[in-house]
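Notes for the one structure printed next.
The values are calculated or read from the model by the stated rules, or taken from the named source; none is laboratory data. A quick note: this is a predicted structure, and the numbers were derived from the prediction, not measured. All Cβ positions, even for glycine, are placed from backbone atoms using ideal geometry, and neighbour counts span all protein chains on display. Keep in mind that these areas ignore ligands, DNA and RNA; they rest on the heavy atoms of the full protein, side chains included. Shrake-Rupley method; radii C 1.70, N 1.55, O 1.52, S 1.80 Å.
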Amino acid sequence: MKKWNMIIDVELCENCNNCALATKDEHVDNDFPGYAAPQPRHGQRWIDIKRKVRGSGSMVDAAHVPTMCNHCDDAPCIKIGKGAVFKRNDGIVIIDPQKAKGRRDIVESCPYGAIWWNEHLQLPQHWIFEAHLLDQGWKQPRGAQACPTGAMKAVKFEDSDMAMQAKEEKLEVLKPELGTRPRVYYKNLHRYSKCFIGGSVVAMIGGVKECISGAMVELRIKNAAIDRVNSDTFGDFKFDGIDPDSGAHNVAITHPKYGRALIDVNVGAESVYAGDIVLA
């Protein structure tokens, strides 16, 4: 049968927090029996936006990643919960607000940190995908409905169709190595999880540094080209999606009029901006 999935485009998220606020508006002081008890006013972020800044100098970018319960198909919380947590046929995971009382171990079972402890109610809580609204015929959860850029979208697909879309659009999940099979997918996650190598191509013209556009820039590992771009109007180039701690790379730059340059770059935990690279 068709099941719910969430697709989030990291490149479109502007950290406006509308999704988080809309979710709080829906759940704070509101009780939905069988779905969720009221969310506390403070201390819980069922949708929590992570932020990462990459680069340095004049080449810096920031990525924002909304995180939430992943409604995993092989969820550790279901195994620990033993009836207090269950998965519906449409893929949504529910922590029973009655059966789960006192079960702090359910909070600790989530490897994503997406389950919160309500001290007042002595209850583990999470984002329920707004299942109570979807059951009434809503097409989107409150968070997706409130997103001004369309970064967040819920889709109800057969598993095979979702797998095909994930492959075609290069969608990723958080911590795939855990094998929990999340139902929250991310587009352009490399903006958060990977590094880039960038620089600015310049040449000395009349004794002055000038930006050089249209230079061919190759990214190499052990002298073998793995990617190629042209410098833009401002002389800038960027190779993205590079694994952190991937070590030694070479950047080779050539221009038919202004010459060439070759630099060595070592990629550690952070992205690398090589600054101005002067052709000669």
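General observations
- Reduced Cα scattering model of the stretch 83-135, Debye log10 I(q)/I(0), q = 0.14 Å⁻¹: -0.35
- Relative contact order %, the stretch 95-141, counting alpha carbon pairs below 8 Å whose residues are six or more apart: 32
- Three principal axis extents describe the C-alpha atoms of the stretch 84-207; from largest down they are 77, 32, 30 Å.
- The Cα-based radius of gyration and maximum Cα-Cα distance (Dmax) for the stretch 1-48 are 13.3, 37 Å.
- Net lengthening on full extension, K82/H42 (0.36 nm per residue, minus Cα-Cα): 11.5 nm
- Dipole of the stretch 136-280 computed with +1 at Lys/Arg Cβ and -1 at Asp/Glu Cβ about the Cα centre; of I277, A151, V173, farthest Cα towards the positive end is A151.
- Nonlocal Lys pairs with alpha-carbon distance under 23 Å, the stretch 181-262 (8 or more apart, or different chains): 7
- Evaluated at q = 0.16 Å⁻¹: base-10 log I(q)/I(0), Debye formula over Cα of the stretch 191-276: -0.59
- Positive minus negative residues near G235 (Lys, Arg vs Asp, Glu; Cβ under 9 Å): -4
- Probing with 1.4 Å while keeping every protein chain in the model, the per residue accessible area of the chain equals 50 Å².
- Close amide-amide hydrogen proximity is noted between Y186 and I8, E172, V173, each under 5 Å apart and 5 or more residues distant or on a separate chain (H modeled in the peptide plane; Pro and chain starts excluded).
- The stretch 70-146 - percent of accessible surface contributed by carbon and sulfur, probe 1.4 Å: 50
- In the chain, the DSSP beta bridges split such that about 85 percent are antiparallel, to the nearest 5.
- Förster radius 45 Å - calculated FRET efficiency between K153 and D243, Cβ distance, rounded to 0.05: 0.95
- Within the chain: Cβ-based charge dipole about Cα centre, in debye rounded to nearest 20 (Lys, Arg +1; Asp, Glu -1): 360
- DSSP-loop trypsin sites (Lys or Arg not before Pro) across the stretch 214-280, with at most 12 other Cβ within 10 angstrom: K222, K257
- Relative contact order of the chain, defined on C-alpha pairs under 8 angstrom at six or more residues apart (%): 20
- Label selected from (i) 46, 18, 17; (ii) 27, 24, 14; (iii) 27, 24, 19, the criterion being semi-axes √(5λ) of the Cα gyration tensor in Å as computed here: (i)
- In a reduced charge model with +1 at each Lys and Arg Cβ and -1 at each Asp and Glu Cβ, the stretch 178-280 shows a dipole moment near 400 debye about its Cα centre.
- Descending principal axes extents, the stretch 11-83, alpha-carbon based, whole Å: 52, 30, 20
- The separation of the stretch 47-64 from the stretch 208-280, counted between C-alpha centres, amounts to 21 Å.
- Applied to the stretch 118-135, the Karplus parametrisation 6.51 cos²θ - 1.76 cosθ + 1.60 on θ = phi - 60° returns per-residue 3J(HN,Hα) values of 8, 4, 5, 8, 6, 9, x, 9, 7, 6, 8, 6, 6, 4, 5, 7, 4, 5 Hz, with x for Gly and Pro.
- DSSP bridge orientation in the stretch 1-137 - percent antiparallel, rounded to nearest 5: 95
- Theoretical gain in end-to-end length, T233 to W138 [0.36 nm per residue, Cα-Cα removed]: 29.6 nm
- Segment L262..D90, full-extension length gain: 56.5 nm, with 0.36 nm per residue of separation and the alpha-carbon distance subtracted.
- For a label point 7 Å along the Cα-to-beta-carbon line of S193, residues of the stretch 148-178 with backbone N under 17 Å: 163-178
- Distance from the C-alpha centroid of the stretch 92-116 to that of the stretch 161-183: 23 Å, rounded to the whole angstrom.
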